[in-house]
Amino acid sequence: MTPERLRELVSAGESLDVEFKGEQRAPLSDHDLVEAVVCLANRPADRPGWLLIGVEDDGRITGARSHHPCGQTELLRLVALIANRTRPSVTVRISVVELEGKEIIAIEVPPVRTPVATSAGRYLRRAVGGDGKPCCLPMFFHEMHSRQADRGAEDYSSLAVPDAVWEDLDPLEFERFRRSIREHRGGDQPLLELSDLELAKAIGAVEENGAVPHVRVLGLLLFGKENAFRRLMPTHEVAFQVLRGHQVEVNEFFRQPILRVMEECLQRFRARNREQEILVGIMRVAIPDYSPSAFREALANALIHRDYTRLGAVHLQWYEDRLEISNPGGFPEGVRLDNLLVTAPRPRNPLLADAFKRAGIVERTARGIDTIFFEQLRNGRPAPSYERSNESGVVVVLPGGEANLEFVRVSVEEGQAGRNFRLDDLIILNALWQDRRLTTEEAARLTQKSEAEARTVLNRLLEIGLVESRGERKGRTWHLSAATYRRLGKPAAYIRQRGFEPLQQEQMILQWVSKHGRITRKEATELCQVNPYQASRLLKRLAKDKHLIRRGVGKGSYYVQGP
């Protein structure tokens with residue numbers, strides 16, 4: 001720990017990763033010190049936490065007091081104290097750093113794979129309290145299961161359910177599972193030949209024992225009867241809601257096996273999902289309000305990755321301009337907003353995720369989130385948003401509203417020409433349409449790839465004539481080409497993107513003609529943001545100066561580049 005790094009931590013304030021312990025009023029006791037370390041060790045993170053002794057809650061530097069009779073704090077003794085009073089033992093690193101003339105004890109708490117307690121058996125966890133501030137809360141048994149699942153150290157769906165018996169499973173749900181395999185190409189076909197018991201064993205729904213003494217969580221989720229859910233799995237619930245402003249039009253809750261819930265929600269989705277068509281050449285292209293495959297993947301993700309140790313429903317909320325799908329439980333450890341598209345799949349319930357793949361419901365590649373982004377962008381709508389997700393829940397928002405039909409047309413035309421868009425292409429083109437220009441660094445952040453990979457995508461789009469660049473090296477920016485703006489029905493936007501000021505109408509008109517070959521009075525009016533009379537004067541003046549040549553007469557006249 002350096003003084004500069006310590007100053008950064010203090011100025012940023014307390015967080016889930018950093019806790020301040022002031023000693024202005026009284027020295028920190030060994031008991032409170034160990035509990036603070038346990039609390040930080042049990043926080044949901046894969047990076048070290050910091051306990052800063054000598055910093056008050058408001059960030060004031062008051063200095064740490066001596067923790068040993070010799071008049072100073074012996075670091076090795078402090079390390080040994082923490083290791084001896086934690087179960088399992090936590091080995092910390094301690095530094096004494098001087099800041100503003102006062103000594104601060106900085107304790108680095110490493111991330112651990114299992115829940116940690118004090119030697120007295122007290123479990124604490126770092127969390128955000130009801131006041132919105134980080135604090136230490138008691139850690140209960142079900143939260144330990146949740147934390148282990150977050151870290152990939154335990155699969156909750158594989159745990160046996162006490163008191164659950166084979167009779168709690170519904171034979172009709174086994175047939176529903178088989179039907180799903182038949183209807184989806186990715187289904188595990190050999191499972192169709194197995195009996196109910198053999199099928200349950202094959203996918204891990206029950207313990208592999210002929211007597212079937214225990215049914216696992218997976219077995220109840222896939223095949224359980226409704227009364228078994230209420231008795232044995234009260235945390236499983238799914239809500240389908242349709243909202244119009246402050247009015248709730250539909251408010252249905254389901255406590256049923258997961259595949260049945262999927263079917264019920266998909267039926268309601270299809271009944272409300274409208275489509276419009278555009279004609280591209282001789283091909284009709286359907287553009288739905290929301291992509292069925294994107295909806296199916298988002299719903300499957302919510303069911304697979306939800307935390308089944310927490311009360312609360314998976315919510316599907318249909319608003320007038322968006323669709324929101326949320327589930328209890330934050331992202332698994334290692335998954336963040338800035339690596340959603342590139343991180344390796346980390347299901348919270350691996351056995352359940354595998355069952356969904358074998359039933360053919362989700363892709364074998366486990367890259368369903370790519371499908372959600374790709375389908376949303378391909379249908380001419382903004383990218384999905386996970387910005388409202390936090391440590392207690394994941395929320396995906398699929399924007400609705402009017403689709404950019406011309407963007408869909410461009411995408412289809414490029415596909416017909418053998419240049420199918422990839423996900424990175426769509427992300428960058430959508431961002432250029434929304435924000436008008438990007439740097440290579442911004443493109444890398446959006447695609448969650450390196451700058452070299454983002455530059456490769458941009459250069460490919462440049463080669464096929466969809467984007468153009470300005471500037472050199474780090475000052476280089478990218479924007480849609482004139483041809484792309486024309487195909488999108490916004491040719492005037494290109495000239496504005498080239499950086500001309502609104503008062504430079506003549507130069508804007510000449511730039512237009514240079515790129516598009518001709519210009520009409522109507523186009524000049526829109527381009528220069530002037531009235532038709534002013535546009536006529538501009539065009540006549542340019543023609544008089546020999547910069548343009550007028551062709552045609554009356555309303556059919558237009559201007560081309562002069563000699």
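Would you mind classifying segment 1-104 by shape? Square roots of the alpha carbon gyration tensor eigenvalues, ordered a ≥ b ≥ c; an a/c under 1.5 is rounded, otherwise it is prolate if a/b is larger than b/c and oblate if not. Oblate shape, in that a/c is at least 1.5 and b/c is the bigger or equal ratio.
Projecting label points 7 angstrom from Cα along Cα→Cβ for R65 and D545 puts them 8.2 nm apart. Helix 423-435 and the long axis of the chain differ in direction by around 70°, with both axes built from C-alpha atoms. Summed over qualifying helices (DSSP H, 4 residues or more, each -39500 (n - 2.57)) and divided by its residue number, the chain shows a 222 nm mean residue ellipticity of -11500 deg cm²/dmol. Accessible surface of the chain, 1.4 Å probe: 48 percent of it comes from carbon and sulfur atoms. Legend: calculated FRET efficiency, E249 to V285, from the Cβ-Cβ distance at R0 = 41 Å, rounded to 0.05, equals 0.85. Computed with a 1.4 Å probe over protein heavy atoms only, the accessible surface of the chain comes to 49 Å² per residue. Specify the angular offset, from 0 to 90 degrees and rounded to the nearest 10, of the alpha carbon long axis of helix 171-183 from the longest principal axis of the alpha carbons in the chain. For 171-183 against the chain, the angle is about 30 degrees. Loop-located trypsin sites (Lys or Arg not before Pro) across segment 19-112 with a Cβ neighbour count of 11 or fewer within 10 Å are R25, with loop assigned by DSSP. The Cα atoms of segment 219-295 give a gyration tensor whose axes a ≥ b ≥ c have a/c of 1.5 or more with a/b no greater than b/c, which makes the shape oblate. Within the chain, antiparallel bridges make up roughly 85 percent of the DSSP beta bridges whose residues both belong there.
The angle separating the long axis of helix 75-84 from the principal Cα axis of greatest extent in the chain is about 70 degrees.
For the pair E526 and D338, label points projected 7 Å from Cα toward Cβ lie 4.0 nm apart. For segment 391-434, the residues whose amide N sits under 17 Å from a probe point set 7 Å from the Cα of R470 along the beta carbon direction are 432-434.
Summarising the amide proton neighbourhood of G312: residues at separation of 5 or more, or on other chains, whose placed amide H is nearer than 5 Å comprise an empty set. Amide H to amide H, with H built 1.01 Å from N, L548 comes under 5 Å of A543, G562, counting only residues 5 or more places away or on other chains.
Residues whose amide H falls under 5 Å from that of R216, counting only those 5 or more places apart or on a different chain, are V161, V206, E207, with hydrogens built in the peptide plane.
Applying 1/(1 + (r/R0)^6) with R0 = 45 Å to the Cβ-Cβ distance of S158 and E275, what FRET efficiency is obtained, to the nearest 0.05? With a Förster radius of 45 Å, E is 0.65.
Only one of (1) 202; (2) 187; (3) 224 was calculated from the structure for volume of the Cα convex hull per residue in Å³, and its label is (3). Each label was represented as a point 7 Å from its Cα along the Cα-to-Cβ direction; for Q534 and E207 these points are 8.3 nm apart.
Based on C-alpha pairs under 8 angstrom that are at least 6 apart in sequence, the chain has a relative contact order of 9 percent.
The values are calculated or read from the model by the stated rules, or taken from the named source; none is laboratory data. Everything numeric in this text was worked out from a predicted model, so none of it was measured. Here the Cβ is made from the backbone with ideal geometry for all residues, glycine too, and neighbour counts use every protein chain on show. Just the protein is used for accessible areas: all its heavy atoms, side chains included, with ligands, DNA and RNA removed. Shrake-Rupley method; radii C 1.70, N 1.55, O 1.52, S 1.80 Å.
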